[in-house]
Amino acid sequence: GMARYIRQHQPHLYLPEGIIEKLSRQSDRIKASIEVAGNLISDLKSHCQGFCIIPLGWEEHVPLLLQSLEL
């Protein structure tokens, strides 16, 4: 739901429909969200100086994301 909201109300942010579809198809949205975020960060980390993670109510899941990135 949040991905659709972002896509609809934040036109300056690009969120591919494929990611939204992937998240909506998964029964474990937490696991799927961590996987998507982890893949994006892994793919982009050589091009960035850092990342700002804004979990919006999912703060307790940030350690899982960091573990998946081996940070």
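The values are calculated or read from the model by the stated rules, or taken from the named source; none is laboratory data. Everything numeric here is computed off the predicted structure, so don't read it as measured data. When we count neighbours, we look across all protein chains shown, and the Cβ atoms used for this are built from the backbone with ideal geometry, even at glycine. Just the protein is used for accessible areas: all its heavy atoms, side chains included, with ligands, DNA and RNA removed. Shrake-Rupley method; radii C 1.70, N 1.55, O 1.52, S 1.80 Å.
Of all the listed residues (SER42, SER24), the sole one being hydroxyl-bearing (Ser, Thr, Tyr) and modelled with pLDDT of 90 or more is SER42.
Considering the range 57-71, the residues that are in a loop (DSSP other than H, G, I, E, B), under 15 Å from ASN39 (Cβ atoms) and not acidic (Asp, Glu) include one that is nearest to the chain's Cα centre (by Cα), namely LEU69.
Taking first residues from the range 2-18 that are over 15 Å from ALA37 (Cβ atoms) and of a type outside the set (Phe, Trp, Tyr) and partners that are open to solvent by less than 100 Å² (accessible area, probe 1.4 Å) and not in a helix (DSSP H, G or I), the Cβ contacts under 8 Å between residues at least 6 apart in sequence or on separate chains come to ARG7/LEU13; ARG7/LEU15.
When the residues of the range 11-32 are narrowed to those that are outside any helix (DSSP H, G or I) and open to solvent by 60 Å² or more (accessible area, probe 1.4 Å), which ends up nearest to SER68 (Cα to Cα)? Checking each candidate, the answer is ASP28. Screening GLU35, GLU59 for residues that are farther than 14 Å from MET2 by Cα and either open to solvent by less than 70 Å² (accessible area, probe 1.4 Å) or touching a residue at least 12 places away in the same chain (Cβ under 8 Å) (or both) leaves exactly one candidate, GLU35. Annotation: GLY1 fulfils all but one of (1) at pLDDT 90 or above; (2) open to solvent by 70 Å² or more (accessible area, probe 1.4 Å); the unmet one is (1). When you look at GLN49, is it in a loop (DSSP other than H, G, I, E, B), at negative phi and open to solvent by 40 Å² or more (accessible area, probe 1.4 Å), yes or no? Answer is yes for this residue. With respect to the conditions (1) aliphatic (A, V, I, L, M); (2) modelled with pLDDT of 90 or more; (3) out of contact with any Ser or Thr (no Cβ under 9 Å at 6 or more places or on another chain), ILE34 lacks only one, and its number is (3).
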